[in-house]
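Just dropping this structure here.
Just so it is clear, none of the values below were taken in a lab; they were calculated from the coordinates. Note that the coordinates shown come from a computational prediction; the quantities given were computed from them, not determined experimentally. Note that we place each Cβ from the backbone using ideal geometry, even for glycine, and neighbour counts take in every protein chain shown.
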Amino acid sequence: MLLTTLLAFMALFGWSEGRPDFSILEDAYFHRILRFTLWQALLSTVFSVALAVPVARAVALDLRLPGRALFLRWSLLCFVMPSLILITGLVSVFGRSGWLTPWLGSGWRLYGLNGILIAHVFLNMPFALRVLVFQWQSIPDTAWKVSAQLGLSGWQRFRLVEWPALRGVLPGVAGFIFLLCFNSFAIVLALGGGPRATTLEVAIYQALKFSFNPAEALTLAWTQLLVAGGLFLLFSRFGRLRWLAPPQGQPWLPRLHPLTLWSGRLAYALAVLFLVVPIATLVPVAVLSGGQGLPWATLWPVTLRSLGFAFAAATLATLLALGGLELWRRVTSPAARQLTEFGALHHLVIPGMVLSVGLYLFFMPWVNWLRWGWIAVIGLNALVALPFVYSQLKPGVFDFDANYRRQVADLGLHGWPFWRHLYLPWLLPALRRAWALAFVIALGDLAVFGIFGHDNWRTLPWLIYALAGSYRLQAAALASLLLLLFALLALWLLEDHRRHA
């Protein structure tokens with residue numbers, strides 16, 4: 001896991017006499033890109049967290065909300081949804097010919113900061129919502145009952161009971177969302193609309209793919225790595241975010257004031273509309289197309305190829321996470337455990353475009369990427385999904401190690417019998433969730449394929465991107481619905497086994 005990053009940076013250091021081009025740090029172009037990257041990430045984070053708080057409170061405290069359980073599942077899908085599905089839906093709603101565009105005024109433009117913010121809030125608000133709902137659910141029944149017995153007002157109950165459960169997790173949620181938006185690629189590439197709305201990740205892609213200037217790309221990459229890495233270290237100190245944790249049983253909850261109750265229901269209704277309408281709009285757009293404009297001869301091979309790549313990447317990510325966690329479980333040195341975690345999690349902050357192009361350049365003298373690029377697509381997508389898989393499996397491994405480590409040592413269990421009869425059955429619910437999550441992440445890949453892919457073996461997201469780029473929106477909507485169907489099936493597998501967790 002560490003070797004892939006090392007080889008990528010070795011390849012990039014081999015260009016421009018082994019030095020990055022630091023002169024770009026004085027360029028106004030670099031300053032503009034850095035400012036916009038930070039600004040859009042900050043705005044996306046503020047809006048995502050601020051909008052998630054009232055909705056999460058309503059979902060956690062009002063058990064009579066219609067479709068509450070389904071909404072939580074949909075929120076999970078929104079967070080990991082392939083970006084091309086969302087982009088196609090947003091264009092059909094807010095684009096130049098979108099059905100909502102006439103109501104937004106003549107100055108409205110989807111492409112630019114507007115579209116980037118809408119897309120980022122759509123993807124990241126559900127993440128914040130699920131984390132906060134879990135935090136509200138973690139408040140013990142005794143705290144609610146005591147607050148009711150003392151006759152606390154709504155504000156007093158929030159300040160003394162609810163806020164202590166939230167304040168410890170909000171910095172971590174905000175930091176994680178900021179990191180995701182800071183490293184965003186597909187959203188900015190598709191909705192940026194030009195040089196004025198370019199982020200570091202897209203600038204790296206342009207420097208390597210179009211102008212082929214590795215020295216400039218390396219400078220941008222180190223800038224992104226230092227900022228993103230510092231943020232990762234900062235928010236990781238606030239503990240793990242159990243946003244995929246199974247829902248708890250029905251708790252005892254206090255009676256809410258009617259104003260609080262109905263304002264929460266209004267926030268819930270608006271959130272449902274915001275998260276459902278852009279995707280639901282794809283259905284009539286696809287139906288009106290009647291299947292015209294869609295390359296049916298290539299659709300099914302492309303779909304099967306995407307499913308195969310995602311299946312292989314998810315399986316590889318799960319195996320890598322299991323191997324890393326097994327090493328973490330066996331070693332006792334804190335330094336060794338930190339190194340193991342760094343190996344599994346550092347791909348969360350390494351620019352994906354630099355990792356891809358670095359490996360492309362390193363192996364280019366020996367590997368025919370036109371023929372074997374699919375191996376890199378699978379491997380790098382596994383590394384992209386690895387931090388999420390590792391984070392999902394680690395709590396189960398930690399609990400197993402805390403409860404059964406001595407018993408396993410006393411009984412002398414090891415090898416395949418230990419894995420088959422004890423370890424894997426314990427981890428099975430978490431394995432299902434982690435594998436399905438990795439599958440959906442790999443299924444929507446656009447960045448890695450942009451470097452290693454080829455038109456002779458395109459994937460479904462790249463086909464959607466090509467259709468939308470040629471203004472065949474109806475065909476793109478139909479292909480997006482197909483991609484959404486497979487993502488839904490995978491996430492159904494994830495949530496369907498929650499009762500066993």
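What is the sum of charges, Lys and Arg at +1 and Asp and Glu at -1, for the other residues whose Cβ falls under 12 Å from the Cβ of ALA267?
Local net charge: +1.
If you don't mind, another one. For percent of Cα pairs over 40 Å apart, one of [x] 27; [y] 18; [z] 23 was computed from the structure I shared and the rest are decoys. Which label?
Label of the calculated value: [z].
Which value, in debye to the nearest 20, gives the size of the charge dipole of the range 2-500 about its Cα centre, when Lys and Arg are +1 and Asp and Glu are -1 at the Cβ?
1180
Can I ask one more? Ranked highest first by average number of other Cβ atoms within 10 Å, how do 74-80, 377-383, 102-108 line up?
377-383, 74-80, 102-108
Once label points are set 7 Å from the Cα along Cα→Cβ at both SER263 and TRP39, what is their separation, rounded to one decimal in nm?
3.2
Given the options TRP426, SER480, ALA321, identify the residue whose Cα lies farthest towards the positive end of the charge dipole of the chain (+1 on Cβ of Lys, Arg; -1 on Cβ of Asp, Glu).
Towards the positive end, the residue furthest out is TRP426.
How long is the gain from TRP296 to TYR29 if the chain were fully straight, where each residue apart is worth 0.36 nm and the alpha carbon distance is subtracted?
Using 0.36 nm per residue and subtracting the Cα-Cα distance, I get 91.8 nm.
Compute the signed sum of charges (Lys and Arg +1, Asp and Glu -1) over the other residues within less than 12 Å, Cβ to Cβ, of ASP401.
Residues near ASP401 contribute +4 overall.
In addition: Mind jotting down the distance between the C-alpha centroids of the range 124-168 and the range 320-342, whole Å?
So the separation of the two Cα centres works out to 35 Å.
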